[in-house]
Amino acid sequence: MEKEQQGHKAETSERDLLAARVLRLEDRLDRLEGGSDRTGTVPHPVWPLALGSAALVFGYLGMGLPRHPYQYLFSGLLVLLAYHRGVLRPSKVPWQWPQIAVNFLSLALFFMIVLGGGVRQPFAWMRTPGVAKTPAPEEGTWYRAVIPDYSIQWNTIPGISDWSVDVTKVQTFLLIATLAGALFRFQGFTSMTALALLIVSLPVYLAFTWDWVVLFLICGSVSLYLQSRANNPFPDA
């Protein structure tokens, strides 16, 4: 009888321990799904809107306006994906559409850093010297009329100096390849394409005013964080 009672107590304690573990797991799942009674602090919508607007000003001063349709295309796709997947919380009705517009423009400026190459002429510096005759003026000395005046001019090489390439398309290809490599966890391939994207983008980076670009990145990042679920993982039920 004593052995049976001890076995029964052991089974009861194990059952109680298992039940406690199940309750803890259910509580964690409930928190992850946003069903917990715990509430987080949600900032007023004016703060992310003000920071996003300031980021737009800083980005314009540091980089100018986006000039390629790919920058607007990727920005629109990323904004739609962020709101669809719930990464960004929609603001209240009076602030919702202005905030979406600010997010769209901010991301377009961000993609200007990644896809801001534009059309370039890498061999525009290649020129050949040539001797050109300067026509004599109608009114001048007899010496200028008899002896012509020659000057050396640098002329472009047809087909080489005027050859252009759309660097934005090259950057877009490298960016898609980098994202695909990261998606399928091809670490070596991803590192190579990311390094190639950095090398191709170096001339673009040198043209930016980085004092303003750094402020743009800081304000834009804080604005997106204040709108993200990470800032309030346990919203009001």
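The values are calculated or read from the model by the stated rules, or taken from the named source; none is laboratory data. Only a predicted model underlies this, so the values are computations on that prediction, with no experimental measurement involved. Here the Cβ positions follow ideal geometry from the backbone for every residue, glycine too, while neighbour counts run over all protein chains shown.
Would you check if Leu197 is at pLDDT below 85 and closer than 20 Å to Leu73 by Cβ? Write out each step before concluding.
Working: at pLDDT below 85: no; closer than 20 Å to Leu73 by Cβ: yes.
Against the criterion (at pLDDT below 85 and closer than 20 Å to Leu73 by Cβ), Leu197 does not qualify.
Residue-by-condition table, conditions (1) touching an Asp or Glu at 6+ places or on another chain (Cβ under 6 Å); (2) modelled with pLDDT of 85 or more; (3) part of a loop (DSSP other than H, G, I, E, B); (4) within 21 Å of Arg229 (Cβ to Cβ):
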position	(1), (2), (3), (4)
Ser36	yes, no, yes, yes
Thr39	yes, no, yes, yes
Leu51	no, yes, no, yes
Phe58	no, yes, no, no
Val79	no, yes, no, yes
Val102	no, yes, no, yes
Leu109	no, yes, no, no
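I need the full set of residues from segment 178-219 which are over 16 Å from Gly64 (Cβ atoms) and in contact with a helix residue (DSSP H, G or I) (Cβ under 7 Å, 6 or more places away or on another chain), in order please.
Answer for segment 178-219, where residues must be over 16 Å from Gly64 (Cβ atoms) and in contact with a helix residue (DSSP H, G or I) (Cβ under 7 Å, 6 or more places away or on another chain): Thr178, Gly181, Ala182, Phe189, Thr190, Thr193, Ala194, Ala196, Leu197, Val200, Cys219.
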